[in-house]
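What follows is a short report on a single structure.
Only the coordinates and a few stated rules stand behind these numbers; no lab work does. In this text, all values refer to a predicted model and were calculated from it rather than measured experimentally. Every residue, glycine as well, gets a Cβ built from its backbone with ideal geometry; the counts of neighbours run over all protein chains shown.
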């Protein structure tokens, strides 16, 4: 984990942000996962799942709002993300298996889950594979209806050309020597801004102090350089849509209405034919992909009401 | 002779089964298998050097922790092998045949031709996801990796997706008919590949004779 950075004290805090009360590690079949917890350790567990290229620290404002309502809020860095191990292999199925390892490390009981972006798709798969494991599901701009979903890497896109394939393979040939590009804290925040244009500069600078590490030649995002944004592979939003039909747990879906680089472009009307009867979908007007960061209090209110 | 090649965090074993000059051949094994120790009888007639690669989690290659196998990662394995051997004909059994096809689509200038043979792991998981296997499997960290058997045995191969690789191979290869189907198994994706103009069905011997001329 990133040690406090004395030289950058002004970015170590953000209004409303609170670092986790506890950190622990979970061994998922040899891959070490970094787990964060906010709130009372004896409270009922509530899981938060981040999206592709993100990390648990992105919940630093949202999670405390849920923790302060009495929940033991638990999140983790996916393999290759944040402070979790960089793995030899990455796949959607491995991410779902890792998620189950974190759930199993906490409780054998059915648990409520709030999942953002790709995390939502992962949880729909978990809900299909082991329906008894979830009690309620909130998906924050992670319900499918567009192809491809932009934050899903490597194995999950279908559209590709010979050029993109060759570029991907060139990247793989050099993966063992690749490093993320170093930069100042400000530069990393600016790079992130290109992907997250609606998020404030102060918030992005704060994220750098958690999601990046400082090497002698500058700051680098901790995300495994072997993980590439975008890609190709046999994936279809239709598969997740079909899963939606069979979902048995209550579902609350929050959808963005402003298209963004990392957004899923979910059209909530296109979702309607696939929704199970117990589902509720709430579109957020004039809001981008990171709904829980743009409107943490409103999303927390909705989630707490839904979990009641 | 065996050399180890680095593919991300995995060391891949590349075996030289026959050293020499002339056209190169890269052999890719089936799911759960490993490279043979000697030149298989059906490749005896090949006029040049012959190499065989152990995929991640197989043979003498690294067995990584925690699974996460995809056919695309194994295509990366084969491509790292191809970078070491130089342009080559690829012969693949079962899963290795599927991976060889992907590689032929991605590197049409370096794969002289691919011969797809019957064998374990040729079919994969079909067109759509089935019941997902998400828990771990016992016996991991020994080859063949049980995670590989489960994940690559159920790896999805939608027809349109796979067909695209065959189209890229036939359209971008400087050689005629670079994809040869030499076995009898016909999973749905392979039926779709056979519909692509330029993909041929022929005995392995005939395919090797053609590919050897490509150098």
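Sum -39500 (n - 2.57) across every DSSP H segment of at least 4 residues in chain B, then divide by the residue count to get the 222 nm mean residue ellipticity, nearest 500.
Counting only the DSSP helices, I get -9500 deg cm²/dmol.
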## Note on the structure
Rounded to the nearest 5, the percent of DSSP beta bridges in chain A running antiparallel is 40 percent
### Message
What does DSSP give for segment B:1-132 in terms of the percent of beta bridges that are antiparallel, rounded to the nearest 5?
### Response
40 percent
### Query
Hey, what's the Kirkwood Rh for segment B:134-209 if you take every pair of different alpha carbons, in angstrom?
14.6 Å
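Provide the packing ranking of A:206-212, A:275-281, B:154-160, i.e. peptides ordered by the mean count of other C-beta atoms within 10 Å per residue, highest first.
A:206-212, B:154-160, A:275-281
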### Message
Give me the Å³ per residue figure for the convex hull around the C-alpha atoms of segment A:63-137.
### Response
100 Å³
### Query
Where does chain A land at 222 nm, in deg cm²/dmol rounded to the nearest 500, when only DSSP H runs of n ≥ 4 count, each adding -39500 (n - 2.57), divided by all residues?
-9000 deg cm²/dmol
### Message
What does the structure give for A:83-89 when I average, per residue, the other chain Cβ atoms found within 10 Å of the residue Cβ?
### Response
6
### q = 0.16, 0.17, 0.21 Å⁻¹: log10 I(q)/I(0) that the Debye formula gives for segment B:75-215, counting C-alpha atoms only
-0.81, -0.89, -1.25
### Summary
The Cα radius of gyration of segment A:178-308, divided by 2.2 N^0.38 Å with N its residue count, comes to 1.29
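Could you grab the relative contact order for chain A? Cα pairs under 8 Å, six or more apart, rounded to a whole percent.
Numbers: 620 pairs, mean separation 61.9, N = 308.
Value for chain A: 20 percent.
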### Query
Given the protein assembly as shown, what percent of its DSSP beta bridges are antiparallel, to the nearest 5?
40 percent
### Message
For chain A, set up a GNM with springs between Cα atoms under 10 Å and report which of A:21, A:226, A:67 has the largest fluctuation.
### Response
A:21
### Query
For the protein assembly as shown, what percent of Cα pairs sit more than 37 Å apart?
32 percent
### Query
Computed from the mean reciprocal separation of all distinct C-alpha pairs, what Kirkwood hydrodynamic radius does segment A:239-308 have, in Å?
12.9 Å
#### Entry: 10 Å Cβ neighbours from other chains, averaged over peptide B:79-89
2
### Query
Pick from A:161, A:107, A:58: which residue has the top mean-square fluctuation in a GNM of chain A where Cα pairs under 10 Å get a spring?
A:161
### Message
I'd like to compare B:201-214, B:76-89, B:19-32: which one has the highest average count of other Cβ atoms within 10 Å, and what's the full order after that?
### Response
B:76-89, B:19-32, B:201-214
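Rounded to the nearest whole Å³, what is the per residue volume of the convex hull around the Cα atoms of segment A:173-219?
Cα convex hull per residue, to the nearest whole number: 79 Å³.
With an 8 Å Cα cut-off and a minimum separation of 6 or more residues, compute the relative contact order for chain B in percent.
On the way: 512 pairs, mean separation 45.4, N = 215.
Computed over chain B, the figure is 21 percent.
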### Query
Per residue Cα convex hull volume for segment A:32-90, in cubic angstrom?
71 Å³
### Value of D in µm² per second that Stokes-Einstein yields for chain A, Kirkwood Rh from Cα pairs, at 25 °C (0.890 mPa s)
125 µm²/s
### Message
Along its three principal axes, how long is segment B:10-153 when you only count alpha carbons? Whole Å, largest extent first please.
### Response
48, 30, 25
### Task
Measure out, as a whole number of angstrom, how far apart the alpha-carbon centroids of segment B:149-207 and segment B:37-89 sit.
18 Å
